[in-house]
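Asker: Before I ask anything, here is the structure I am working with.
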Amino acid sequence: MPWPTLPIEDLPAWAHLNDVTFHSVKVTNTEGKGYGVISTRDIEATEGTPDVPSLLTVPHDLVLNAAAVDEFAKEDRNFRHLLDAIGHRGTRADVLLFLLVQTALVSRHGHPPVGVSNPWRIYLQFLPKSVPVPTLWNEDERLLLRGTSLEAAVDAKITALDAEFGLIQEKSSDIVSWNEILWHDGSVSFTDYIRLDALYRSRCVELPRSGESMVPCLDMTNHAVTPSAYYEESRNNEVILLPRPGLSISKGDEVTISYGDDKSAAEMLFSYGFIDPQSATDSLVLPLTPFPDDPLAKAKLVAFGQAPQIRVARDENGAIWWGSQFAYLMCVNEEDGLEFRVLQDTDGGQQLRVFWQQEDVTDRTSRFEEMVWTHPFSAVFRLRVVTVVQETIQTQLERLRSTTPPDSPSSLQHEDCFRMAMLLRQIETDILEGAIKTLEEERTLLMAKENVVAYLAGLTEQPDSDLAGEEASNEADDFS
Ligand SMILES: C[S@@+](CC[C@H](N)C(=O)[O-])C[C@H]1O[C@@H](n2cnc3c(N)ncnc32)[C@H](O)[C@@H]1O
């Protein structure tokens, strides 16, 4: 269904009705960034001056998060029924369900209004029809991400969204009234759900007291590397936008906030649909796949309890940093002193416990690196990890290089998607090339270590007999 939209010129009327106040700023169109907040007069926030007037004040009851959705459900019995059937799955899931319902209700032309109305039902219509995040790119545009760290992440996100939407569809169809509202005349579709997820991701903020929330009107503020404003919650729990102390904002200047200083280019593109090369950190995250022939692979994944990843970062001096806790767990085995035991609970359940050198380390699997460090063969383990990480990064770099996109976007690709994808490819190629060089240097140093040389030659007398024997000497194959 086409989304009903309202012109941004009507926002002041909505704000007035809902006690949102703008002070010396207004929301308007900006060059290349959609809507933005612009100052309507010179603003001076002198350092040390108490009670600087806020540029925007949003009452607490307009803040949208899991608690607000719950409150809303108390007033609307029909919605409560739906929330109890599908909801209470965390802030994001509950807010998305709420927004999906509001979307369906505003799209139902010619039907009598349903349920208790609320300010978000109208406010949703001021939000942009599209968000430039890759989950909303078409297939040709997503091809531009091949070989980048976002390729797998975007595919996984779309699969997860499909599963979430399927669940909502299945459970709500069992409730006659909601089946009618949501699905009968195609009021909402999977594309609507992807758009709502994109709106949520690109507009939610972390409030000091209320936590992850969507805040109407504050979400019209764009990002800048040196922002002129910041937000907080007042003593009355209102959300306020304040000018940064010591900064002056001239009439007509854009008022900006920071979306976070530690986000990578991939995270910025994934969550907000743009990369600011000045503020994005030089880092990336790659998935790590356990060895296919490792009989302990499944147990290791379960015990680790998180997605196995490699993090690579480059600091301002160009030095490369990398880390992967799972790689340490992945690269040790029974013959090294790793053991899994299934223990029986007193209540009849079963627990997977992890032992390293006969010590129960189940609660420390996410810090396996530090456990391995104290082992006499730590250099051998480190060499295995370096080799695995280097191979993963090499494979990623080869994929990135082998999928060279055209010099300019095709007719099926939007210019902005093309520009952002090219920027991401360049940033990630540079980091991966730097990482391979660093890893190769470390590998050479490790290979020269005495106990590594001895180990590889199968000459070392290994402690506790665990590291000795046929299997241990076969480990040399891992370094090929
Ligand atoms: C919280 S909203 C800000 C308001 C938004 N511009 C709108 O039209 O509603 C975040 C979105 O604004 C856009 N945006 C914010 N800062 C930007 C920037 N520095 N460069 C490009 N786009 C930006 C991105 O599309 C992002 O997903």
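The values are calculated or read from the model by the stated rules, or taken from the named source; none is laboratory data. Note that this is a predicted model, so its numbers are computed, not measured. Cβ placement follows ideal geometry from the backbone for every residue including glycine, while neighbour counts extend to all protein chains displayed.
Asker: Scanning the stretch 1-45 for residues that are among the acidic types (D, E) and within 15 Å of the ligand (Cβ to nearest atom), which turns out surrounded by the most Cβ atoms within 10 Å (Cβ to Cβ)? Let's see the steps before the verdict.
Answerer: If we filter the stretch 1-45 for residues that are among the acidic types (D, E), which is where we start, we get 9-10, 19, 31, 42, 44.
In the following step, the residues that additionally are within 15 Å of the ligand (Cβ to nearest atom) were identified as 9-10, 31.
Numbers: E9: 9, D10: 12, E31: 7.
That would be D10.
Asker: If you go through the stretch 338-363, how many residues are of a type outside the set (S, T, N, Q), surrounded by 14 or more Cβ atoms within 10 Å (Cβ to Cβ) and within 30 Å of A454 (Cα to Cα)?
Answerer: Count: 7.
Asker: Moving on to the next point. Would you pick out the residues in the stretch 232-241 that are more than 16 Å from the ligand (Cβ to nearest atom) and either of a type in the set (V, I, T) or not assigned by TED's automatic domain parsing to the domain that holds A153 (or both)?
Answerer: Pass one, the stretch 232-241, residues more than 16 Å from the ligand (Cβ to nearest atom): 232-238, 240.
Within the stretch 232-241, I240 is the sole residue that qualifies.
Asker: Could you please let me know if T221 is free of Cβ contacts under 8 Å to residues at least 40 places away in the same chain, in the same structural domain as T30 (by TED's automatic domain parsing) and among the polar types (S, T, N, Q)?
Answerer: Numbers: free of Cβ contacts under 8 Å to residues at least 40 places away in the same chain: no; in the same structural domain as T30 (by TED's automatic domain parsing): yes; among the polar types (S, T, N, Q): yes.
No, not satisfied.
Asker: Which ranges mark the strands (runs of 3 or more DSSP E) fully within the stretch 253-314 that have 2 or more residues being within 16 Å of A153 (Cα to Cα)? It would help to see each step written out before you state the result.
Answerer: Numbers: elements: 254-257, 283-287, 309-314.
In the stretch 253-314, the matching strands (runs of 3 or more DSSP E) lie at 283-287, 309-314.
Asker: Just one of (1) more than 30 Å from the chain's Cα centre (by Cα); (2) surrounded by fewer than 17 Cβ atoms within 10 Å (Cβ to Cβ) trips up E316, so point out which.
Answerer: Here E316 meets the rest and fails (1).
Asker: Within the stretch 89-97, identify whether any single residue is of a type in the set (D, E) and within 30 Å of I181 (Cα to Cα), and answer yes or no.
Answerer: To start, the set of residues in the stretch 89-97 that are of a type in the set (D, E) comprises 94.
When the remaining residues are screened for being within 30 Å of I181 (Cα to Cα), the result is 94.
Yes: the stretch 89-97 contains one or more residues that are of a type in the set (D, E) and within 30 Å of I181 (Cα to Cα).
Asker: Give the residue that is farthest from L423 (Cα to Cα), with candidates limited to residues of the stretch 130-180 that are in a helix (DSSP H, G or I) and among the β-branched types (V, I, T).
Answerer: Taking the stretch 130-180 first, the residues in a helix (DSSP H, G or I) are 134-136, 139-145, 150-173, 176-180.
Keeping just the survivors that are among the β-branched types (V, I, T) gives 135, 154, 158-159, 168, 176.
Numbers: T135: 18, V154: 17, I158: 23, T159: 25, I168: 36, V176: 49 Å.
Filtering first and then ranking leaves V176.
Results for (1) without any contact (Cβ under 8 Å) to a residue 60 or more places away in the chain; (2) in a loop (DSSP other than H, G, I, E, B), shown as yes or no for each residue.
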residue: T346; (1), (2): yes, yes
residue: R353; (1), (2): yes, no
residue: M371; (1), (2): yes, no
residue: A379; (1), (2): no, no
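Residues are listed down the side, and each one gets a yes or a no for (1) free of Cβ contacts under 8 Å to residues at least 60 places away in the same chain; (2) over 30 Å from H81 (Cβ atoms); (3) out of contact with any Leu (no Cβ under 9 Å at 6 or more places or on another chain); (4) away from the ligand (no atom under 16 Å from the Cβ):
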site: S173; (1), (2), (3), (4): yes, no, no, yes
site: I181; (1), (2), (3), (4): no, no, no, yes
site: R195; (1), (2), (3), (4): no, no, no, no
site: L199; (1), (2), (3), (4): no, no, no, no
site: Y230; (1), (2), (3), (4): yes, yes, no, no
site: P243; (1), (2), (3), (4): no, yes, no, yes
site: V255; (1), (2), (3), (4): no, yes, no, no
site: A266; (1), (2), (3), (4): no, yes, no, no
site: I275; (1), (2), (3), (4): no, yes, no, no
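Asker: I'd like to know if the stretch 272-290 contains one or more residues that are at pLDDT 95 or above and out of contact with any helix residue (DSSP H, G or I) (no Cβ under 9 Å at 6 or more places or on another chain).
Answerer: Checked the stretch 272-290: no residue is at pLDDT 95 or above and out of contact with any helix residue (DSSP H, G or I) (no Cβ under 9 Å at 6 or more places or on another chain).
Asker: Here is a list: D262, D219. Which entry is near the ligand (Cβ under 9 Å from one of its atoms), closer than 25 Å to D416 by Cβ, under 22 Å from the mean Cα position of the chain (by Cα) and not hydrophobic (A, V, I, L, M, F, W, C)?
Answerer: Numbers: D262 fails: near the ligand (Cβ under 9 Å from one of its atoms).
After applying the criteria, what remains is D219.
Conditions tested, residue by residue: (1) crowded, with 18+ Cβ neighbours inside 10 Å; (2) out of contact with any Ser or Thr (no Cβ under 6 Å at 6 or more places or on another chain).
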position: L207; (1), (2): yes, no
position: D219; (1), (2): yes, yes
position: D262; (1), (2): no, no
position: E267; (1), (2): yes, yes
position: D294; (1), (2): no, yes
position: A297; (1), (2): no, yes
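Asker: Shifting gears a bit: Hey, does the stretch 87-101 have a residue that's within 16 Å of the ligand (Cβ to nearest atom), in contact with a helix residue (DSSP H, G or I) (Cβ under 6 Å, 6 or more places away or on another chain) and assigned to a strand (DSSP E or B)?
Answerer: No, because not a single residue in the stretch 87-101 is within 16 Å of the ligand (Cβ to nearest atom), in contact with a helix residue (DSSP H, G or I) (Cβ under 6 Å, 6 or more places away or on another chain) and assigned to a strand (DSSP E or B).
Asker: Now, a different point. Please specify each residue of the stretch 319-337 satisfying the condition of being crowded, with 17+ Cβ neighbours inside 10 Å and of a type in the set (A, V, I, L, M).
Answerer: Quick first cut of the stretch 319-337, residues crowded, with 17+ Cβ neighbours inside 10 Å only: 320, 322, 324-333, 335-337.
If the condition is that a residue be crowded, with 17+ Cβ neighbours inside 10 Å and of a type in the set (A, V, I, L, M), then I320, A327, L329, M330, V332 are the ones that fit.
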